[in-house]
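The values are calculated or read from the model by the stated rules, or taken from the named source; none is laboratory data. Since the structure is predicted, the reported quantities are computational estimates derived from the model, not experimental observations. Heads up, the Cβs are rebuilt from the backbone with ideal geometry, glycines too, and the neighbour counts pull from every protein chain shown.
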């Protein structure tokens with residue numbers, strides 16, 4: 001079962017903002033033992049979520065963890081990202097897609113903020 | 001010089017999302033030694049940034065650190081938040097307002113993502 005990670009971000013009209021996500025994804029890939037790590041965007045940037053998921057499956061992914069890179073559980077986290085993942089599940093019924101807790105729900109966020117303040 | 005922290009988030013139409021920020025702010029306040037810790041929203045929620053800053057000053061703040069609670073350096077971080085802080089500086093020339101690096105620029109973000117994946 002080839003494991004994969006898809007980091008899902010909002011997407012921006014500023015390509016430099018999308019590039020921040022791409023750089024972060026490469027940093028993640030360097031830290032993870034799984035070979036299939038990529039990012040996708042809910043809107044405004046490419047690849048979109050369905051395209052990014054298709055690509056991971058085409059590269060052999062059979063067990064995909066989707067990490068919503070969002071700070072709060074707004075409409076995007078609650079409704080929009082799950083809807084896109086459901087499309088992927090229907091297109092690839094033999095592949096598991098698990099949506100991890102969104103970033104902002106992590107209890108360690110307070111520590112990251114404190115670290116940001118001490119910079 | 002009374003120190004203060006203003007956590008600035010985007011703001012959402014979903015009040016539950018704004019409440020996530022308020023809870024986080026209380027968690028931060030419990031961890032910090034400064035007494036003046038509050039949050040404000042760029043749009044869609046109250047208090048807005050100028051109101052939140054005014055309130056801190058009214059409560060005695062003279063040295064305010066503003067933390068942009070954003071993941072990427074999009075227009076909000078680069079232009080919109082600084083413009084609001086500039087309004088506060090002009091209204092309170094005797095108060096220092098320092099904008100800290102936005103959350104997503106922290107090198108430890110990779111570690112937080114890895115922690116989110118292992119939950």
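For region B:97-119, the set of residues classified as in contact (Cβ under 8 Å) with a residue 12 or more places away in the chain and loosely packed, with under 14 Cβ neighbours inside 10 Å consists of B:98 only.
Can you tell me which residues in region A:1-16 are touching a strand residue (DSSP E or B) at 6+ places or on another chain (Cβ under 9 Å) and either on the phi < 0 side of the Ramachandran plot or modelled with pLDDT under 95 (or both)?
Residues satisfying the conditions are A:1, A:2, A:3, A:4, A:5, A:6, A:7, A:8, A:9, A:10, A:12.
Candidates are the residues of region B:69-95 that are in contact (Cβ under 8 Å) with a residue 40 or more places away in the chain and over 15 Å from residue A:113 (Cβ atoms); the one that is farthest from the other protein chains (Cβ to nearest Cβ) is B:91.
Tell me, please, whether a residue that is in contact with a strand residue (DSSP E or B) (Cβ under 6 Å, 6 or more places away or on another chain), under 27 Å from residue B:17 (Cα atoms) and in a loop (DSSP other than H, G, I, E, B) can be found in region A:76-99.
no
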